[in-house]
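In what follows, a structure is listed as structure tokens, so that the remarks can point back to it.
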Amino acid sequence: MKMRQLRALCGFILLTLAVLTNARPKAGPEQKCKSGPVDLVFLIDSSRSVRPHEFETMRKFMIDILNTLDIGLNATRVGVVQYSSQVRSEFTLKAHAKLENMVKGINQIIPLAQGTMTGLAIKYVMNEAFTAEAGDRPKVPNVAVIVTDGRPQDRVAEVAAEAREKGIEIYAVGVARADMTSLRAMASPPFEDHVFLVESFDLIHQFGLQFQDKLCGVDLCLESDHSCEHICESSPGSYHCLCLPGYTLNDDGKTCAAIDLCAEGKHDCEQICISSPGSFTCDCSKGYKLHDDKKTCSTIDLCAEGKHDCEQICISAPGVFTCDCNKGFELNKDKKTCTNMDLCNTVEHGCEHQCVSTPGSYYCICPEGQLLQEDGKSCGTCKSANIDLVLLIDGSKSVRPQNFELVKKFVNQVVDSLDVSAHGTRVGLVQYSSRVRTEFPLNMYHTADEIKAAVMKVEYMEKGTMTGLALKHMLENSFSEAEGARPSGRNIPRVGLVFTDGRSQDDITEYAKKAKEAGITMYAVGVGKAVEDELRVIASEPLEKHFYYTTDFTAISTIAENLKLNVCPEESQGEIEVKDPCACESLVEFQQATMSSLEQITQKLAGMTARLEQLENQLLSRK
């Protein structure tokens, strides 16, 4: 009975291999079904439960299957592994290229006749039989056919799952006493195609016959090189080619060409026809939009739709726009905004002498011999000058730390009274005691806030009082162009202010004189033990306007409030005044300053009113 069952299995294995490889079963005694490349390994159970005559049946079972295959190194490769309690490879996938050599190898197999370690055998096939060293080929299907007659003595589910994950397709063939649960644990899904338990020879015989004609039947679309580009349709003994929708069959009866309705003029698009096989869609040229009918187009007017960013005038073209400006204005480089080119004639500029227009702005000029004042509009013979100011502060031991902090506040009060900028007044600071140290040069800071912050960070030096050395340093270094002093040819006044609290320990006469001869206007401020005779030597003429003395450090803030360092360029001089704020002269001066400010505000308001009226007229003219 076993012999009959195993013979029936030949038909089943032939079927499964044909499905895997698109092979055809034997169509006649001299014709084999041609298969694609397959790497096939038989894993046969040779445990002691397999009797000698049953093993011979298994041997013939394998040989019968080989006779149906297209054997070769470039076609189907076959390897055989037997197992019981151990595993032994009878021959690898690359061992034999010819059928007769494989048959000889199968006939020489000696059964192991021990236990049934199926899990161990599957692991061997996975790690040894299907390797490049054993002849396994890349991108070629791996197929393992396990034939067993009993229940495995080890675990098979896990190792079989690992083998399937590595791409091995497993067929489990059980004979007689085989356990169906174990067969299903080993085999690849679906189980109805990969699990086979031999129970009836008649059933297996009918199963093989049922698929033999189907697999070996000739379908010219499948089995021949029909060369149809799209669709091959079979007919008994023949075939013909068809094309997909939107294509037409060419004269060669095999290739297809797209039906181009646009090229054939079979469309109703107003502007652009976009072809697709057997169909088309319409589109519009740039600057136009497609109507709801999906055929006709209309101009896109971005100006009318408000989809522009022109400041004054929008000029529309299909899908685009350009900007322009009103008369008296010029289009800027951004091609969107406009600049008023003649503000002098369109606004109340307030220039006392002459207004000069620039793009988007204007400035005032004065006649020869007069200077433009701080308000930027009026003219006069003197103005609040931009100066280069260097302050020399005494950091000797006699000053003491708490008073040195008052000195720094004094310096910052002076800075607050100045128009500090890179092109306006520049300020440098030098501290001296027994030596001289530049805290910051004229060109380091360009705003009052930066200078004041730097002053508050200055550290007290202590030690002696070398005022003469400080004057020398100021003359030779601080007022050099390297440290930010502007060239003398530019007529920017240079002003030095010396702050000291005691007698100098060196001679001051030489460098005080040289400083004034060099055109530097010198101010001298003394506190406490400062010697007035030395202050007079340092200060410029007239002396009463260029030096100040007080006995107490707390009073130096009053000096800062009243100190005026604004000078006329041609005089290179300044003045120092301490005024009583309640004096009549001060009240009159305040009243005059207030009236002048009110007049300037009135002029500005008049200019703004005129400008608003002009803009209102322009808006009305557009309507």
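The values are calculated or read from the model by the stated rules, or taken from the named source; none is laboratory data. The structure displayed is predicted, hence computed values, not measured ones. Cβ placement follows ideal geometry from the backbone for every residue including glycine, while neighbour counts extend to all protein chains displayed. Protein only, heavy atoms only, side chains kept; ligands, DNA and RNA dropped before computing areas. Shrake-Rupley method; radii C 1.70, N 1.55, O 1.52, S 1.80 Å.
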Exercise. Does Leu302 satisfy being of a type in the set (A, V, I, L, M, F, W, C), open to solvent by less than 70 Å² (accessible area, probe 1.4 Å) and in contact with an Asp or Glu (Cβ under 7 Å, 6 or more places away or on another chain)?
Worked result: no
For this session: Give the residue that is farthest from Phe479 (Cα to Cα), with candidates limited to residues of the stretch 421-435 that are open to solvent by 20 Å² or more (accessible area, probe 1.4 Å) and in contact with a Lys or Arg (Cβ under 8 Å, 6 or more places away or on another chain).
Result: Ser434
Exercise. Residues in the stretch 80-121 that are in contact with a helix residue (DSSP H, G or I) (Cβ under 7 Å, 6 or more places away or on another chain) and of a type in the set (Asp, Glu): how many?
Worked result: 1
Seminar exercise, completed: Checked pairs for the stretch 513-524, first more than 19 Å from Gly489 (Cβ to Cβ) and assigned to a helix (DSSP H, G or I), second of a type in the set (Ser, Thr, Tyr) and modelled with pLDDT under 95, C-beta under 6 Å and 6 or more apart or across chains, list as Lys516/Ser540
Exercise. Would you call Asp193 modelled with pLDDT under 95, farther than 27 Å from Ala75 by Cβ and not β-branched (Val, Ile, Thr)?
Worked result: no
Seminar exercise, completed: Only one of Glu162, Glu100, Glu133 is under 23 Å from Asp64 (Cα atoms) and acidic (Asp, Glu), namely Glu100
Problem set entry | Yes/no for Ala129 being touching a residue at least 24 places away in the same chain (Cβ under 8 Å), within 14 Å of Phe42 (Cα to Cα) and in contact with a strand residue (DSSP E or B) (Cβ under 9 Å, 6 or more places away or on another chain) | yes
Problem set entry | Residues satisfying the stated conditions in the stretch 99-127, i.e. closer than 19 Å to Ala157 by Cα, part of a helix (DSSP H, G or I) and either open to solvent by 30 Å² or more (accessible area, probe 1.4 Å) or touching a Phe, Trp or Tyr at 6+ places or on another chain (Cβ under 6 Å) (or both) | Leu120, Ala121, Lys123, Tyr124, Asn127
For this session: Run down Thr337, Thr296 and say which single residue is open to solvent by less than 80 Å² (accessible area, probe 1.4 Å), polar (S, T, N, Q) and more than 30 Å from Cys262 (Cβ to Cβ).
Result: Thr337
For this session: Name every residue in the stretch 454-485 that is open to solvent by less than 50 Å² (accessible area, probe 1.4 Å) and over 24 Å from Lys397 (Cα atoms), in order of residue number.
Result: Leu475, Phe479, Ser480, Glu483, Gly484, Ala485
Exercise. Regarding Leu40, is this residue over 23 Å from Glu158 (Cβ atoms), at pLDDT below 90 and buried (at least 16 other Cβ atoms within 10 Å of the Cβ)?
Worked result: no
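Each row is one residue, and each column tells you yes or no for (1) farther than 27 Å from Val145 by Cα; (2) touching a Lys or Arg at 6+ places or on another chain (Cβ under 6 Å); (3) open to solvent by less than 40 Å² (accessible area, probe 1.4 Å); (4) modelled with pLDDT of 80 or more.
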{"site": "Glu162", "(1), (2), (3), (4)": "no, no, no, yes"}
{"site": "Tyr171", "(1), (2), (3), (4)": "no, no, yes, yes"}
{"site": "Val198", "(1), (2), (3), (4)": "no, no, yes, no"}
{"site": "Phe211", "(1), (2), (3), (4)": "no, no, no, no"}
{"site": "Glu223", "(1), (2), (3), (4)": "no, no, no, no"}
{"site": "Cys228", "(1), (2), (3), (4)": "yes, yes, yes, yes"}
{"site": "Cys232", "(1), (2), (3), (4)": "yes, no, yes, yes"}
{"site": "Gly237", "(1), (2), (3), (4)": "yes, no, no, no"}
{"site": "Leu244", "(1), (2), (3), (4)": "yes, no, no, yes"}
Exercise. Out of the residues in the stretch 410-438 that are under 44 Å from the mean Cα position of the chain (by Cα) and not aliphatic (A, V, I, L, M), which is modelled with the highest pLDDT?
Worked result: Arg426
Exercise. Is it true that Ser49 is touching a residue at least 12 places away in the same chain (Cβ under 8 Å) and not in a loop (DSSP other than H, G, I, E, B)?
Worked result: no
Problem set entry | In the stretch 525-556, residue modelled with the highest pLDDT [restricted to those that are in a loop (DSSP other than H, G, I, E, B) and surrounded by fewer than 21 Cβ atoms within 10 Å (Cβ to Cβ)] | Glu541
For this session: Working carefully through the options Arg77, Arg59, Arg88, find the one that is open to solvent by 30 Å² or more (accessible area, probe 1.4 Å), among the basic types (Lys, Arg) and either out of contact with any Gly (no Cβ under 9 Å at 6 or more places or on another chain) or part of a helix (DSSP H, G or I) (or both).
Result: Arg88
Exercise. Being in contact (Cβ under 8 Å) with a residue 40 or more places away in the chain, crowded, with 21+ Cβ neighbours inside 10 Å and under 48 Å from the mean Cα position of the chain (by Cα), is that true of even one residue in the stretch 133-151?
Worked result: yes
For this session: Go through (1) out of contact with any Asp or Glu (no Cβ under 8 Å at 6 or more places or on another chain); (2) in a loop (DSSP other than H, G, I, E, B) and name the single condition Ala453 misses.
Result: (2)
Problem set entry | Output for the stretch 128-144, where each listed residue is over 21 Å from Ser84 (Cα atoms) and not in a helix (DSSP H, G or I) | Thr131, Gly135, Asp136, Arg137, Pro138, Lys139, Val140, Pro141, Asn142
Problem set entry | Checking His308 against (1) assigned to a strand (DSSP E or B); (2) surrounded by 13 or more Cβ atoms within 10 Å (Cβ to Cβ), the condition it does not meet | (1)
